[in-house]
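The values are calculated or read from the model by the stated rules, or taken from the named source; none is laboratory data. Just so it is clear, the model here is predicted, and its values are computed rather than measured. Note: ideal-geometry Cβ built from the backbone for every residue, glycine included; neighbour counts use all protein chains shown.
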Amino acid sequence: MAAIRQAFVKTLQAQNYSLTEFKKHEEESIIVQAMRGKNVKLTTVIPPARITDYYAKHRAEFTAKEQVKLRMIMIPTHASEGNAAAQKAIAEEILGKLADGAPFDRMAQSTQKTHPRCRRRLGMDRTQNAGGAARKVAFTFRRAE
């Protein structure tokens, strides 16, 4: 044990440190740790009123513009070519399948494959250009309707 102490003292002397200075430094370090443990809280508690206040002042950061996800299957009109009956038949076929519970996205994809002139359009919000009639209808629906 004495050999270990002597090696320790020699190490301190090599670093220009005395045993007394080392003890004083360690004591101060222990005191600082004790003070931190006593005075510094590990968890910060923010009062609910302060959170509510912050939210009220920064409401714009937590809200989004009104949006509608509109999905349509577009059937082109070529009335001048005399295709009105064929277009009506396509529309009724699609409507019938949707009424029977066919998923819209699959119907849109299969319609594009079987009727290449038909297109599907996805997504719209108030700021995008959409047809006036489509816009009026889309923004009158309730959520998930």
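For the residues Ala79, Ala85, Ala34, Ala56, the requirement of being at pLDDT 90 or above, over 39 Å from the mean Cα position of the chain (by Cα) and surrounded by fewer than 11 Cβ atoms within 10 Å (Cβ to Cβ) singles out Ala34. In the range 29-36, is there at least one residue being free of Cβ contacts under 8 Å to residues at least 12 places away in the same chain and closer than 22 Å to Arg5 by Cα? Yes, the range 29-36 contains a residue that is free of Cβ contacts under 8 Å to residues at least 12 places away in the same chain and closer than 22 Å to Arg5 by Cα. Among the residues here, Arg71 qualifies as at pLDDT 70 or above and in contact with a helix residue (DSSP H, G or I) (Cβ under 7 Å, 6 or more places away or on another chain).
Figure legend. Inter-residue proximity from the range 77-90: first residues assigned by TED's automatic domain parsing to the domain that holds Thr111 and farther than 14 Å from Thr111 by Cβ, second residues modelled with pLDDT of 70 or more and polar (S, T, N, Q), beta-carbon distance below 8 Å, spacing 6+ or different chains. Indicated pairs: Thr77/Gln87; His78/Gln87. Suppose we keep only residues that are of a type outside the set (A, V, I, L, M) and assigned to a loop (DSSP other than H, G, I, E, B) within the range 21-72. Which one would you say is nearest to Met107 (Cα to Cα)? Filtering first and then ranking leaves Glu66.
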